[in-house]
Structure formats: C-alpha cells, structure tokens
Amino acid sequence: MVLIAHRFSTFSADCYDPLDPNGNISVTFDIYQRTDNGYLARVTLQNFYQYRHVDKPGWKLGWTWANSEVIWSMSGAIATDRGNCSSYSGSQMPHSCKKDPIIVDLSQEVSQNRSEHCCRGGLLSAWSIDRFNSFSSFELEVRNLGQNPLGQAPNNLTLMAPGPGYTCSPLLDTDPTVSSDFGGLRQVPVLRTWKSTCAYSSFLANTSPVCCVSLSSFYNPSITSCRNCSCGCREADKSTASCIRCSSIAHICVHAVTFILSPYSYLCACYLTRPSDPLTRSNEDNTIEIIECTDHMCPVRVHWHFKNNYMNQWRVKLTISNYYYDRNYSNWNVLVQHPGFAQKATTYSFNSTKLPTFGLQDGVSLFWGIDYYNSELLHSDKDRVGLVTTEILMDKDPNSFTVRNGWAFPRRIYFNGENCEMPLPDTFPTLPNGSSSLRPTYCGFSLLLILLFLALLLLWF
C-alpha cells in the first residue's frame with residue numbers, strides 16, 4: 001500500500017513537465033493521392049520535446065486498421081511482420097497484411113526504397129538541439145479500403161521511443177497539411193490529414209532512475225555525493241568492481257520485486273524474462289547492462305562544482321560521468337535549472353542554449369556535446385571513468401546572488417530528458433563555521449599587480 005500511494009502521488013508530476021509543458025511527439029498521417037484501389041499517404045513523426053530525444057535503437061510505431069486495409073507498398077520504413085497474405089496471388093504481394101502492423105525506420109546506410117526525410121535509424125533529435133533531424137517520415141500505399149474512398153483513420157496508435165512511456169491520442173481529422181509549389185507561389189493541400197500527439201510519462205515508463213547529482217564547492221573540502229541507492233542498491237560485497245543493473249526497459253523486469261527501504265531508495269531483483277509483445281523488443285534488450293559498482297548505482301552522475309567567486313561573475317565546473325562498462329551515450333544532453341542562468345552565461349566546452357521558463361523564476365539552460373569533440377559520452381573501463389566536462393562563467397545579479405543556504409547549487413538536473421536524483425538540501429556543502437557570507441577575493445590580484453609594478457621599477461632603474 002505504501003508503494004501504491006507513493007507511485008500515484010507522483011503520477012501527476014511525472015505526466016506534466018513544467019520545464020517543457022508543450023513537449024510531445026506528433027504523428028501526422030497525410031493522404032496526398034488517390035489510387036484505383038486505395039490511397040498514397042505520408043506519415044511524419046515530429047519531436048517537439050525541447051530536450052528529450054529518441055535514441056538507439058530508435059522509434060517503433062504501431063496501429064490497428066479500422067477495417068481490412070493492407071499496406072501494399074512502403075518506402076522509407078518497413079513493417080516488421082508481413083502477416084498472412086494467403087488471400088492474395090500474383091507476382092506482387094502486399095508489404096504487410098497485418099491487422100496491427102509495427103513500423104520501424106530504415107538505417108541511414110540504406111540506398112534503396114528511400115523516401116524524402118526518411119532513414120534516420122529511428123533517431124529523432126531534440127527540438128532545441130537539432131530541428132532538422134527532429135522529424136522523420138515514410139510513405140505507404142494502402143489498399144482494400146472498403147466503401148470509403150479515403151479510408152478510416154487507424155486506431156490504437158502506439159509509440160515506443162525507444163522504450164515504453166508514451167501515450168498517444170486518437171488519430172483525428174485536422175486541417176489538411178499544405179505544401180508550397182512553384183517557388184511558394186502556389187499552395188497545395190493534401191486530400192486528408194489525421195493527426196495524433198504522443199506524450200511521455202516516466203510513471204508509465206516505470207524505469208528506474210538513470211542519473212544522480214553530486215555537489216562540491218571551493219569553500220568546503222567535503223563533497224556531497226549522490227545519495228546511496230539513488231538508482232538501486234549494490235551488492236553487499238564492497239570489493240566487487242562491476243555490477244549487473246536492471247535493464248532500463250521496464251518490460252524485461254516484468255517480474256521484478258521492489259522493496260521499499262526509504263522514500264529515497266529501493267532494491268530491485270530482476271528476472272531476465274523476455275517480453276512476448278514484439279513492440280517492446282529491441283536489439284539492446286538482449287544484452288545485460290554492466291556498470292561500475294557504486295553506492296548510488298546510477299549509470300550516469302552529474303557533478304556541479306562551484307569553482308570561483310569573482311566580483312561580478314562566478315564560475316562552475318560541470319562534469320558528466322558514464323559508469324556503464326559497455327554503453328556509450330551518443331548525442332547526450334543535460335538540462336540544468338538554476339536562478340543564475342537568468343543572467344548571461346558563457347560555456348566553454350559544450351554547446352548551450354537557454355530555454356523559455358514558462359513563468360518559473362529560475363533560469364533553465366540546456367547543454368550538449370560539440371560534434372567530433374565530446375558529443376559521445378564514452379563508457380568506463382577498469383582504469384578510467386568515461387566523462388565530459390566544461391566550465392561555465394555566469395554574471396552575477398547583485399540582488400539575488402549569495403553563497404548561503406545552497407543558492408549556488410542547481411534546483412533540478414535532467415540527463416537525456418530523465419530527472420536526476422538530487423541530494424537532500426540539508427547535505428549541500430555549507431560555509432565554514434563562523435562565516436555568514438563569503439566575499440569574493442580580489443585583493444590577491446591587486447597585490448600581484450603591485451608586485452609586478454615594483455619589479456618593473458627595479459628593472460627600469
């Protein structure tokens with residue numbers, strides 16, 4: 001009962017993200033041409049999430065036909081199962097006769113059967129990072145419509161991107177999509193458009209946390225580590241170097257047993273059973289996730305170090321560590337909520353942008369890697385931890401900046417769209433005993449200038 005109450009108390013918060021309230025993945029079904037036996041359609045997936053992207057092994061889109069429709073041909077994607085097409089004969093057979101087909105994207109290396117804006121390997125970039133690669137489309141010919149010449153909208157739209165957690169609205173009629181022709185002089189609408197929006201919920205995804213946050217500062221030698229058991233609890237044998245982590249795809253742990261240890265920790269026992277639903281199956285499900293054994297057991301740690309306090313600016317070092325032994329993170333991103341980002345900020349080794357705050361007083365900044373430099377967060381091995389790092393220089397707001405009461409530390413951090421487990425506020429690095437404030441030390445720099453001036457005088461004379 002405690003578990004049920006705790007899960008349902010967080011349901012509404014998980015379904016709505018105040019940092020990205022308008023985020024969703026839209027699915028648009030455009031019928032652009034009639035045929036003798038059916039129609040031609042273009043299906044487009046558009047990722048409107050500001051910082052949540054679709055990573056490997058990519059999206060899977062499913063639906064149920066309203067009647068007896070079949071996919072006669074398809075370009076830019078494939079149906080994973082042809083189904084029973086025994087009622088058809090001839091040299092050309094339908095691409096898929098399944099009542100509930102599942103569609104997957106083609107890889108970028110495919111040279112045949114392509115369509116415009118297809119073949120991204122199922123990957124969709126976050127809207128704020130790469131808008132051109134935030135959408136993908138494929139085309140199909142549908143036959144056997146019955147009495148309706150333009151058919152009926154498919155039912156029960158499902159999306160795995162790449163795992164569970166997405167809920168899609170019904171495909172509904174909307175204003176036809178309009179394209180431009182003759183250099184924009186002519187507007188050409190399609191014949192019919194159905195549209196659905198798919199929203200993500202970490203509650204429905206039912207995955208264990210993937211990241212945690214640690215903190216440190218220049219004025220306190222102690223480090224606030226990630227909370228113990230933030231993402232699971234390690235084995236009792238502390239000498240063990242590598243640990244098996246429950247898969248991030250929740251359906252593999254369908255028989256997992258969860259024991260509540262505290263409001264902030266849990267223990268997961270995982271039985272590696274394979275899901276029977278093909279929509280939940282991916283290439284990465286067949287591997288066991290091995291990570292470095294830590295007290296927090298998180299695959300990723302984000303460390304925030306308050307490095308310097310200047311007169312008009314302050315400096316932070318941000319480090320992201322990957323504790324997986326066999327998995328790299330491609331095109332990773334980190335979102336940080338902090339009031340300091342309401343001011344000008346300079347990032348030295350990452351790409352960054354500020355996101356709209358939708359009424360929040362804090363600033364929100366998004367960070368991601370630089371292509372061919374650190375866009376790949378490498379895995380760890382026994383000799384080193386895979387990491388990427390940058391320094392951030394922020395202007396001060398004299399009306400709000402302070403080093404007291406943990407103001408200099410983030411309010412919230414996301415990694416690849418997943419909320420990271422934060423330390424408890426009463427464990428944040430504190431000021432030295434007897435210090436109510438910590439003023440910036442600029443006298444040392446002035447003394448250095450004086451000594452340099454005296455040295456030049458001695459050389460002159």
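The values are calculated or read from the model by the stated rules, or taken from the named source; none is laboratory data. Being a predicted model, the structure only gives us computed values, none of them experimental. In this analysis, Cβ positions are derived from the backbone assuming ideal geometry, glycine residues included, and neighbour counts consider all displayed protein chains. These area figures cover heavy atoms from the full protein model, side chains too; ligands, DNA and RNA do not enter into them. Shrake-Rupley method; radii C 1.70, N 1.55, O 1.52, S 1.80 Å.
For the residue pairs Lys60/Lys354; Lys307/Lys354; Lys238/Lys317; Lys56/Lys98; Lys317/Lys396, alpha carbon separations beyond 20 Å are given by Lys60/Lys354; Lys307/Lys354; Lys238/Lys317; Lys56/Lys98.
Computed from the Cβ-Cβ distance with R0 of 41 Å, the FRET efficiency linking Ala205 to Gln92 stands at 0.50.
An oblate overall shape is assigned to region 161-219, the ratio a/c of its alpha-carbon gyration tensor axes (a ≥ b ≥ c) being 1.5 or greater and a/b not exceeding b/c. Between Glu109 and Thr346, the contour length at 0.36 nm per residue exceeds the alpha carbon distance by 81.6 nm. A protection proxy built from the mean count of other Cβ atoms within 10 Å ranks the segments 395-405, 355-365, 313-323, most packed first, as 313-323, 355-365, 395-405.
According to the Kirkwood relation over distinct C-alpha pairs, the hydrodynamic radius of region 34-110 is 14.5 Å. Set the Förster radius R0 to 22 Å, insert the Cβ-Cβ distance between Gln33 and Asn148 as r into 1/(1 + (r/R0)^6), and round the FRET efficiency to 0.05. With R0 = 22 Å, the Cβ-Cβ based efficiency is 0.90. Here the accessible area is traced with a 1.4 Å probe on the protein chains. For region 65-209, carbon and sulfur cover 48 percent of it.
Computed over region 128-178, the percent of Cα pairs more than 19 Å apart is 53.
Were the residues from Ser68 through Asn405 laid out at 0.36 nm apart, the gain over their Cα-Cα distance would be 114.9 nm. Each Cα pair under 8 Å and six or more residues apart adds its separation to the average, and for region 10-143 the resulting relative contact order is 32 percent. Inter-label distance, Arg412 to Asp295: 2.7 nm, where each label sits 7 Å from its Cα along the C-beta direction.
The Thr240 and Asn328 beta-carbon pair, evaluated with R₀ = 22 Å, returns a calculated FRET efficiency of approximately 0.45.
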